[in-house]
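Engineer: Take this structure, written in structure tokens, and hold onto it; I'll ask about it next.
What follows is calculated from the coordinates using simple rules that are stated; it is not laboratory data. Please read these numbers as outputs of a predicted model, since none were measured by experiment. All Cβ positions, glycine included, derive from the backbone under ideal geometry; neighbour counts span all protein chains shown.
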Amino acid sequence: MSMHDYKIFPWPQESRQLMEAFNRMVADRLEVRRAEFINADNVQHFTHGVAWQAHNSSEPDEVTELKTHSHEISIRFDDVKNGRLAIIQEQADALTDAMHEALVRSLFATVSAGADRVGNVVHNQGNVAASLIEMLEKIEFGVDREGNVTRPSIYVAPENLQALDPRLLTAQDPDIQERIEALTKKKTDDALSRERERREKFRGPRP
């Protein structure tokens, strides 16, 4: 006789529904956490395959492959025996945290590798104000689907946050605020100009 001849859990339909609800809860929580870094409009879902190739990119021959993240949760038998239902929520929270942390690590590692590959890197030589200006000079602003310019986000480790204190930046460069505003305006105008040129390519012949 095999294990299939025994009913370990006598409610197969309820068991399946429980797992489906658990998976949906974790997925919904992950979507909310992911939106902190990635706009939901820029998220795509694959139903088959593990790789894709963007022919209209700067590197059309590059093939990008999906990366697998694995996580494990466990429930103690005593918690099941004692009917401690709170364990379901606790495990969902733990799994969400682990998956989100893996996503963030992978995201920043991918961005860092891409910047290193094209040389779009700023090395801080002790003057954070100068590095901040150099960083703004090297990047381009984007435009969303509504035609609004999207400005970059800056992520720093907690121990480095103090270095971005406006008072410290001004001490290093008294004109830092004016330079940032001027650069921001230029980058905004450039982004809108590129978007107008892009849209013109899809316009039909004018009468």
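Engineer: Which values of log₁₀ I(q)/I(0), to two decimal places, follow from the Debye formula for segment 3-118 at q = 0.11, 0.14 Å⁻¹ with a uniform point scatterer at every Cα?
Structural biologist: Per q value, in the given order, log10 I(q)/I(0) is -0.57, -0.81.
Engineer: Still on this structure: If neighbour count is taken as other Cβ atoms inside 10 Å, put F77, F37 in order from fewest to most.
Structural biologist: F77, F37
Engineer: Enumerate the amide H contacts of V143 below 5 Å, restricted to partners 5 or more residues apart or on another chain; note that Pro and chain-start residues carry no placed amide H.
Structural biologist: For V143, whose amide H was placed from the backbone, the distant partners under 5 Å are T150.
Engineer: Something else: If r is the Cβ-Cβ distance from S70 to Q162 and R0 is 35 Å, what FRET efficiency results, to the nearest 0.05?
Structural biologist: 0.45
Engineer: Right, next: So how far, in whole Å, is the C-alpha centre of segment 81-97 from the one of segment 161-202?
Structural biologist: So the separation of the two Cα centres works out to 46 Å.
Engineer: OK, next. What shape does segment 87-173 have by the C-alpha gyration tensor, where a ≥ b ≥ c are the square roots of the eigenvalues, rounded means a/c under 1.5, and otherwise prolate means a/b greater than b/c and oblate the rest?
Structural biologist: prolate
Engineer: Roughly what would the spin-label model give for L192 and E62, points 7 Å off Cα along C-beta, in nm?
Structural biologist: For the pair L192/E62, the computed spacing is 3.0 nm.
Engineer: Using 0.36 nm per residue of separation minus the Cα-Cα distance, give me the extension gain between L18 and H48 in nm, one decimal.
Structural biologist: Value of the extension gain: 8.2 nm.
Engineer: Sum -39500 (n - 2.57) across every DSSP H segment of at least 4 residues in the chain, then divide by the residue count to get the 222 nm mean residue ellipticity, nearest 500.
Structural biologist: Counting only the DSSP helices, I get -17000 deg cm²/dmol.
Engineer: Counting only C-alpha contacts under 8 Å and six or more residues apart, can you give the relative contact order of the chain as a whole percent?
Structural biologist: 14
Engineer: Sticking with this structure for a sec: Using 0.36 nm per residue, how much length does the chain from R145 to R199 gain when fully extended, once their Cα-Cα distance is taken away?
Structural biologist: Additional length available on full extension: 18.3 nm.
Engineer: Please compute, over every Cα-Cα pair in the chain, the percentage with a separation greater than 25 angstrom.
Structural biologist: 62
Engineer: Need one number: nm distance between label points at I38 and S131, each 7 Å from Cα along Cα→Cβ, rounded to one decimal.
Structural biologist: With each label point 7 Å from Cα toward Cβ, the separation is 2.7 nm.
Engineer: Modelled label-to-label distance, E181 and L107, 7 Å Cα→beta-carbon offset: nm?
Structural biologist: Between E181 and L107, the simple spin-label model gives 3.1 nm.
Engineer: Still on this structure, please answer the following. So for R76, R194, fewest C-beta neighbours within 10 Å to most, what's the order?
Structural biologist: By the 10 Å Cβ count, ascending: R76, R194.
Engineer: Loop-only GluC sites (Glu not before Pro) in segment 90-186, please: DSSP not H, G, I, E or B, and at most 12 other Cβ atoms within 10 Å.
Structural biologist: Counting only loop positions with at most 12 other Cβ atoms within 10 Å, the GluC sites (Glu not before Pro) in segment 90-186 are E140, E146.
Engineer: Also, quick follow-up: Could you grab the Rg to Rh ratio for segment 128-200? Cα atoms only, Kirkwood for Rh.
Structural biologist: Looking at segment 128-200, the ratio lands at 1.06.
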